[in-house]
1. Take T86 and A41, extend 7 Å from each Cα along the Cα→Cβ direction, and tell me the distance between the two endpoints in nm.
2. Can you put R288, R178 in order of Cβ neighbours within 10 angstrom, beginning with the fewest?
3. Measure off 7 Å from each Cα along the Cα-to-Cβ vector at R206 and R425, then give the distance between these two points in nanometres to one decimal.
4. Which loop trypsin sites (Lys or Arg not before Pro) in segment 366-422, with loop taken from DSSP, have no more than 16 other Cβ atoms within 10 angstrom of their Cβ?
5. Add -39500 (n - 2.57) for each DSSP H run of 4 or more in the chain, then divide by its residues: what number comes out at 222 nm, to the nearest 500 deg cm²/dmol?
6. Suppose the chain between E311 and T258 were pulled fully straight at 0.36 nm per residue; how much longer would it get relative to their current alpha carbon spacing?
7. Just the number: Rg to Rh for segment 214-278, Cα atoms, Kirkwood Rh, two decimals.
8. Select from H240, I214, N195 the residue farthest towards the positive end of the dipole of the chain; place +1 on Cβ of Lys and Arg, -1 on Cβ of Asp and Glu, and compute about the Cα centre.
Amino acid sequence: MNDPIVAANPAVLAGLDNYLNLPAAQQPTWPDASAVEQVRAELSTLPPLVFAGEVDILRDRLAAAASGKAFLLQGGDCAETFADATADRIRNRVKTLLQMAVVLTYGASMPVIKMGRMAGQFAKPRSSDSETRGDVTLPAFRGDIVNGYDFTEESRTPDPQRMLKAYHTSASTLNLIRAFTMGGFADLRSVHEWNRGFANNPANERYLSLAQEIDRAIKFMAACGADFNELRTTEFYTSHEGLLMDYERPLTRIDSRTGNPYITSGHFIWIGERTRQMDHAHVDYLSRVRNPIGVKLGPTTQVEDVVELIERLDPNREPGRLTFITRMGAGKIREELPKLVEAVRDSDANPLWITDPMHGNGITTKNGYKSRRFDDVMDEVRGFFEVHKAAGTFPGGVHVELTGDDVAECLGGSEQIDEASLEERYESLCDPRLNHMQSLELAFLVAEQLAKR
Ligand code: PEP
Ligand code: CO
């Protein structure tokens, strides 16, 4: 076998594979075990998508955020799809994140760590293993990495070849992200360009006037003879939910510098609300890799859960190692978050706290769409800042589902998207995302909250 891990360190390998002895929630039932083995063997020979050195730098950046010196902006699709991995759509998402980051950096005078839910966010946890329409019951859609969205037996049958397609789609997405962010497109002197192609609206106008201020500041600095390399390119990290073990395990590699294992399918990996059981596969597996790890925390989370997650995932209390992504819901965050934040504050741990104002605010509209109210999203963000202010802790980031495209999936915002618009511009195969304008509006709100802390 070609797995570099075998050659590197058999003891580490044995530890990594401990997850096989534990229950793993949310895994597909593959019809053919030998086909899965073949794909795993092939994945294990493919080059890493991200490098250990980059992952280590990200850990340092997150450590800065955990100590109040930087802010994390994490965003992208709920579920990436193979069909949407086009140049236009990837560029629109990167532009949206760059614009949001500028709003935050300028508004709060703080470095912003940019991270996409991109180049790997293909696997989805589901509330049920199957879906029934009329008298037909088929496996639930688990993301393009597992099966197809079409409601036919052929499409819904899990197909391990899709893991290879997910790898190659991630590679080409990441290639474009790297080109955009390192090849001149992310140059701060192009701050106006990022707005090009987006429809005129109040959030854009606000953005443009901010871009003008930045322009003037840059010209002023240039006239003074200052020319920073930092303006030309930007760091951009990838992240996804570490859900599908048959994909993450073969893409875990030993770093030749240190002998430590890294998941190389993305820089930052998080554990979802449905797979963070203590004695299960995901917590065990992620406790053994060096990547910075996130854990989603829903409204039923108890102090004991948080304490135990810290013990398992960050026993050495390493700065930047652990991020808690709270997704309580606007109606619950002010009640449920304080006890967790206070308990951690009074301990020796120093995780990064960020808010996911999306996943606790799901509703179903009268015309049958999964949606979220933009007001609830904004309110959860405000609640997050209030709780941290009261506790004296740092509100270190936001995690949002967004797209750069002009979709209508979340209700409200200054464009006042209503239920009828969902029928025309709803594209998500999974959760509803903020569109370009709602994303910018959210960034302005977060910048205000950060600035007035
Ligand atoms: C998600 O981030 O798309 C997701 C499923 O979130 P959670 O695990 O918080 O429900
Ligand atoms: Co989602």
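1. Taking the simple label geometry, T86 and A41 are separated by 3.8 nm.
2. Lowest to highest Cβ neighbour count: R178, R288.
3. Distance between the two pseudo-spin positions: 1.8 nm.
4. Passing both the DSSP loop test and the Cβ count: K366.
5. -13000 deg cm²/dmol
6. 16.8 nm
7. Reported Rg/Rh, Kirkwood definition of Rh: 1.29.
8. The listed residue farthest towards the positive side: I214.
Every number here is computed from the coordinates shown, using simple stated rules; none is lab data. Since the model is a prediction, treat every value here as computed from it, not as a measurement. Every residue, glycine as well, gets a Cβ built from its backbone with ideal geometry; the counts of neighbours run over all protein chains shown.
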